[in-house]
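To keep things clear, I will list the structure first and then write my remarks on it.
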Amino acid sequence: MSEDPPSIRARRRHGAGPGSVPSEAGSRGGHRTSQPSRAGRNLPAAIGVGVGLLVIVLVGLFFMPSAFVALIAAFAVLGSWEVSRALTVKDIHAPQPPLYAGAAVMPFAAFYGGLEALCFALVAPAVAILVYACLEPARNAARRVMSGVFVLAWVPLFISFALLLLDEPNGAFKVATMLLLVVANDTFGYLVGVLFGRHPMAPKISPKKSWEGFAGS
């Protein structure tokens with residue numbers, strides 16, 4: 001009586017018959033592949049993070065203004081880092097130390113010193129970016145200076161204007177309304193795009209953005 005081949009004996013040890021075919025999960029080491037969502041993100045996690053951040057921002061806005069300013073400064077630095085990192089794709093490297101320092105200072109200048117202090121907090125880091133780029137032995141100094149000033153004026157300057165609204169009558173409610181409008185714009189654009197999106201706006205740039213999502217926003 002001939003002995004079974006090793007492959008058949010191995011399948012029998014795992015509970016499979018001689019004619020059985022290994023399952024797809026077993027052929028891949030027992031790991032199941034999950035289908036990604038249509039929007040490419042984890043919806044429950046995205047909702048949880050968004051709601052958590054919104055609660056933190058609103059509590060700081062109405063009850064702890066100084067903590068709210070610190071949170072805005074953190075967002076300004078994070079946004080400046082993200083934009084400057086995106087510029088490196090085109091080999092554009094903004095001077096980072098003066099850029100991040102200016103991004104951290106500008107929200108505090110707007111809250112405690114008003115518009116004049118905010119303007120000074122924009123000019124001083126811009127000059128520091130110029131000096132830093134000139135002293136650093138790197139090529140394309142002019143392009144690096146322009147990119148640093150661009151990021152400085154786009155991210156921390158614009159976000160600092162929200163803090164200027166706090167000096168207006170019912171300023172906290174105005175800032176809260178602005179934040180809720182931004183959240184509603186993004187949320188409804190996402191939901192409508194996921195449920196009804198069929199016509200992409202710019203497939204080569206952002207394949208998941210659709211005209212239906214734009215209408216939802």
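Name every residue in segment 58-100 that is closer than 15 Å to Phe111 by Cβ, among the hydrophobic types (A, V, I, L, M, F, W, C) and either touching a Phe, Trp or Tyr at 6+ places or on another chain (Cβ under 7 Å) or free of Cβ contacts under 8 Å to residues at least 40 places away in the same chain (or both), in order of residue number.
Result: Leu61, Met64, Ala67, Phe68, Val69, Ala70, Leu71, Ala73, Ala74.
Collect the residues in segment 185-210 that are more than 21 Å from Pro44 (Cβ to Cβ) and surrounded by 14 or more Cβ atoms within 10 Å (Cβ to Cβ), keeping them in residue-number order.
Pro200, Met201, Lys209, Ser210
Does segment 71-83 hold any residues that are within 21 Å of Leu164 (Cα to Cα) and surrounded by 14 or more Cβ atoms within 10 Å (Cβ to Cβ), and which are they?
Leu71, Ile72, Ala73, Phe75, Ala76, Val77, Gly79, Ser80
Of the residues that make up segment 52-61, is at least one modelled with pLDDT under 80, over 21 Å from the mean Cα position of the chain (by Cα) and open to solvent by less than 70 Å² (accessible area, probe 1.4 Å)?
Scanning segment 52-61 turns up no residue that is modelled with pLDDT under 80, over 21 Å from the mean Cα position of the chain (by Cα) and open to solvent by less than 70 Å² (accessible area, probe 1.4 Å).
If you scan segment 84-117, which residues turn out to be within 12 Å of Leu152 (Cβ to Cβ), open to solvent by less than 30 Å² (accessible area, probe 1.4 Å) and assigned to a helix (DSSP H, G or I)?
The answer is Ser84, Pro98, Leu99, Gly102, Ala103, Met106.
Whether any residue in segment 118-130 is closer than 29 Å to Phe68 by Cβ, of a type in the set (Val, Ile, Thr), touching a helix residue (DSSP H, G or I) at 6+ places or on another chain (Cβ under 8 Å) and open to solvent by 20 Å² or more (accessible area, probe 1.4 Å) is what I want to check.
no
Take Gly148 and tell me if it is modelled with pLDDT of 90 or more and either closer than 22 Å to Leu122 by Cα or in contact with a His (Cβ under 9 Å, 6 or more places away or on another chain) (or both).
yes
Being surrounded by fewer than 20 Cβ atoms within 10 Å (Cβ to Cβ), of a type in the set (Gly, Ala, Ser) and at pLDDT 95 or above: is that true of Ala138 here?
no
Please work out which one of (1) within 16 Å of Ala76 (Cβ to Cβ); (2) touching a Ser or Thr at 6+ places or on another chain (Cβ under 6 Å) is the condition Pro200 fails and give its number.
Exception for Pro200: condition (1).
Does Tyr112 satisfy the criteria of being of a type in the set (Phe, Trp, Tyr) and under 21 Å from the mean Cα position of the chain (by Cα)?
Judged against the criteria, Tyr112 is not a match.
With the structure loaded, tell me whether Phe161 is farther than 20 Å from Gly113 by Cβ, open to solvent by 80 Å² or more (accessible area, probe 1.4 Å) and out of contact with any His (no Cβ under 7 Å at 6 or more places or on another chain) or whether it fails that test.
Against the criterion (farther than 20 Å from Gly113 by Cβ, open to solvent by 80 Å² or more (accessible area, probe 1.4 Å) and out of contact with any His (no Cβ under 7 Å at 6 or more places or on another chain)), Phe161 does not qualify.
Need at least 1 residues that are over 29 Å from Ala110 (Cβ atoms) and under 18 Å from the mean Cα position of the chain (by Cα) per element, so show me which helices (runs of 4 or more DSSP H) inside segment 132-217 make the cut, counting only ones lying wholly within it.
171-196
The values are calculated or read from the model by the stated rules, or taken from the named source; none is laboratory data. Please read these numbers as outputs of a predicted model, since none were measured by experiment. FYI the Cβ positions are ideal-geometry reconstructions off the backbone, even for glycines, and counts take in every protein chain you see. Keep in mind that these areas ignore ligands, DNA and RNA; they rest on the heavy atoms of the full protein, side chains included. Shrake-Rupley method; radii C 1.70, N 1.55, O 1.52, S 1.80 Å.
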